[in-house]
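See structure below.
The values are calculated or read from the model by the stated rules, or taken from the named source; none is laboratory data. Keep in mind it's a predicted model, so treat the numbers as computed, not measured. Quick reminder, even Gly has a Cβ in these numbers, built from the backbone with ideal geometry, and neighbours come from all protein chains shown.
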Amino acid sequence: MSQASATRWETIKGLLFQLFPHHLISRITFWATRQRWPFVRFAIKQFIKFFKVEMHDAEVKDLADYTTFNAFFTRKLEPGARPIEQDENLLSAPCDGRISQFGVIDQTTIIQAKGKYFSVDEFLTPACQNRAAFENGNFCTLYLSPRDYHRVHMAYAAQLIEMVYVPGRLFSVAPYAPKTIDKLYARNERVACIFKTCHGYMATVMVGAVNVAAIETVWAGLITPPHLDHPIQHNYQQHNIQLDKGAHMGTFNMGSTVVMLYAKNFGVALDSLAIDQRVLMGEKIAYAQIAQA
C-alpha cells in the first residue's frame, strides 16, 4: 500500500493549481462540450489518439453518431462488455479506473495519500445522516482518467437511502493532486450516495474536479451545477429505489474520482489490491467476509 511522496514539480503544480478559476473553467467546458460544433468529430478523433481511448467495446462505434463531445465522453458500452462478478461475497469495481488508495478507516480517518488524510465527517459532512455507519470500516479510491469509461455502477445490490450534494472546489484529481493538495476529496464538489445492502451500509461518492462541474445520477438526473454554499441532503428511504449489482447509477461528465466506503460489518478484505492497479467495472475489487446479523 506504499505510495511515493510528491516530487518537487508535483508540489509546485499543486500550489499553482489552487490559484486557477476552477468553476469558471468548468462552466466553459460544460457549455462547450454540449455544442454541436462542426469540428466535433475531428476533436473526438484527436482526443482518442492522444489519450489512447479504446472504442472497441463502445455501444456506438461510429464517431459521426456523436453529435457533441459530451455524448462521446459519456458513451455507453455494448452489452456484455463488462461482465459483472455475481458472487455475493465479492464486491465489484464500480467503474473503470486505477486504484489511488485503499484500506481501513481508522475510526473516522481516511488515507488520501502518503502523509495526507481526511475524515468521514469532513467528507460526507454533518448533513449526511448515516455517516457514523462507516466508522472503522473500509474505503477504496478509484481515479478515472480521461481515457476511461465514465459511467459509475453498483458495487453491490442495494437500496438507495440517502444522497448528499456537497458544494466545493474543483481542484484537479490527477495522480499528483492527492499527494499535494490537503484534504482534496473533502474540499472538492461531490455527490455522496448512501446505500443499504442486505449486510450493511455502502457509500459511492462521486468527486468532481476541474472540467467536471456536472455529475448525474439515474434517479435525480443532473446534480451539479448549480453551485451552492451548503450541503443539500435528500432522504430516499421511502422511495424504494433498488439497484442491482452492476446497474448503472451515475455518470461523470469528464474524468474524476470515485471513493467507495464500506461499513465495518461487511468485513471487506482489500489485500489483493495494489496502488495504481487498473480495474474494469464489474471486476472483483474486494472479498467481503459478511458479518451475520
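Against the list (1) part of a loop (DSSP other than H, G, I, E, B); (2) of a type in the set (D, E, K, R); (3) more than 17 Å from the chain's Cα centre (by Cα), the condition LYS196 fails is (1). Evaluated against (1) closer than 16 Å to ILE110 by Cα; (2) touching a helix residue (DSSP H, G or I) at 6+ places or on another chain (Cβ under 7 Å), SER172 falls short on exactly one condition, (1). If the condition is being touching a Pro at 6+ places or on another chain (Cβ under 6 Å) and under 20 Å from ARG98 (Cα atoms), then the range 163-203 contributes only LEU184. From the list THR217, THR197, the lone residue that is among the hydroxyl-bearing types (Ser, Thr, Tyr) and within 24 Å of GLU59 (Cα to Cα) is THR217. Considering PRO231, PRO225, the condition of being surrounded by fewer than 21 Cβ atoms within 10 Å (Cβ to Cβ) and at pLDDT below 85 is satisfied by PRO225 alone.
Residues in the range 237-272 that are in contact with a Leu (Cβ under 8 Å, 6 or more places away or on another chain) and part of a loop (DSSP other than H, G, I, E, B): 3 in all.
Return yes or no: is PHE42 at pLDDT 85 or above and exposed (fewer than 15 other Cβ atoms within 10 Å of the Cβ)?
Values: at pLDDT 85 or above: yes; exposed (fewer than 15 other Cβ atoms within 10 Å of the Cβ): yes.
Spelling it out, PHE42 is indeed at pLDDT 85 or above and exposed (fewer than 15 other Cβ atoms within 10 Å of the Cβ).
The C-beta contact set for the range 157-180 (first residue assigned by TED's automatic domain parsing to the domain that holds ALA220 and free of Cβ contacts under 8 Å to residues at least 60 places away in the same chain, second residue in a strand (DSSP E or B) and surrounded by 24 or more Cβ atoms within 10 Å (Cβ to Cβ), distance under 6 angstrom, 6+ apart or interchain) comprises GLY168/ASN188.
Yes/no per residue for (1) at pLDDT 95 or above; (2) outside any strand (DSSP E or B); (3) buried (at least 23 other Cβ atoms within 10 Å of the Cβ):
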residue	(1), (2), (3)
PHE123	yes, yes, yes
PRO126	yes, yes, no
ALA133	yes, yes, no
ARG147	no, yes, no
ASP182	no, yes, no
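Look through the range 58-88, keep the residues that are exposed (fewer than 15 other Cβ atoms within 10 Å of the Cβ) and under 23 Å from CYS198 (Cβ atoms), and return whichever of them is nearest to the chain's Cα centre (by Cα). Only one residue fits best here, namely PRO83. When ASN188, ASN253, ASN235 are screened for being over 19 Å from the mean Cα position of the chain (by Cα) and assigned by TED's automatic domain parsing to the domain that holds SER145, only ASN235 passes.
Residues in the range 184-210 that are surrounded by 24 or more Cβ atoms within 10 Å (Cβ to Cβ) and of a type in the set (S, T, N, Q): ASN188, THR204. If the condition is being among the hydrophobic types (A, V, I, L, M, F, W, C), touching an Asp or Glu at 6+ places or on another chain (Cβ under 7 Å) and farther than 18 Å from TYR143 by Cα, then the range 63-104 contributes LEU77, ALA81. Scanning the range 99-151 for residues that are under 30 Å from ASP57 (Cβ atoms) and in contact with a helix residue (DSSP H, G or I) (Cβ under 8 Å, 6 or more places away or on another chain) yields a count of 8.
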